[in-house]
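In what follows, a single structure is set out as structure tokens and then discussed.
Here, each number is a calculation from the coordinates, and none is a lab measurement. Note that this is a predicted model, so its numbers are computed, not measured. With ideal geometry, Cβ positions are generated from the backbone for all residues, glycine too; neighbour counts draw on all protein chains shown.
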Amino acid sequence: MCLVLFKLGVSIEVADAKGCTPVIIASQYGRTVLVGYLIGKGASLTMTDREGDTALHWAAFKGDCMSVYLLFDRISLMYYYYYLLLIAKFHYLYPAQNLHKTRFSTRYLSRSATC
């Protein structure tokens with residue numbers, strides 16, 4: 001059904017009366033394959049419903065481990081790239097200051113990301 005709607009031009013971020021987007025609804029009903037498809041199509045994972053719950057909250061609440069893994073993996077990767085962008089800006093603005101601390105934190109982050 002989602003494929004047909006997307007082909008007709010419906011936005012991937014459309015929300016219903018409760019504020020639920022397609023990825024939130026897929027998480028609510030445990031549709032792991034659909035969650036993965038929507039993530040691949042670029043669905044926003046930070047959007048919340050009217051209660052303030054994200055797709056990750058719903059997947060964890062429902063006990064859908066695979067959806068939790070997919071959502072958490074994509075969200076952590078998003079924040080990892082954001083952190084690297086901040087490090088790059090820091091080096092551009094302050095090239096000689098705190099260089100040792102920045103190298104340590106980047107090394108620590110790369111180790112923790114591979115776990």
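If packing is taken as the average number of other Cβ atoms within 10 Å across a peptide's residues, how do 8-16, 20-28, 45-53 rank, most packed first?
The densest-packed peptide leads the list: 20-28, 45-53, 8-16.
Please report 85, 56 as a ranked list, fewest other C-beta atoms within 10 angstrom at the top and most at the bottom.
Fewest-to-most ranking of 85, 56: 85, 56.
Leaving out same-chain residues fewer than 8 places away, which aspartates and glutamates sit with a Cα under 17 Å from that of residue 18?
49, 51, 53
Summing +1 for each Lys or Arg and -1 for each Asp or Glu, what net charge is found among the other residues whose Cβ lies under 14 Å from the Cβ of residue 35?
The answer is +2.
Residues with beta-carbon under 12 Å from that of residue 18, excluding residue 18: net charge, scoring Lys, Arg +1 and Asp, Glu -1?
-3
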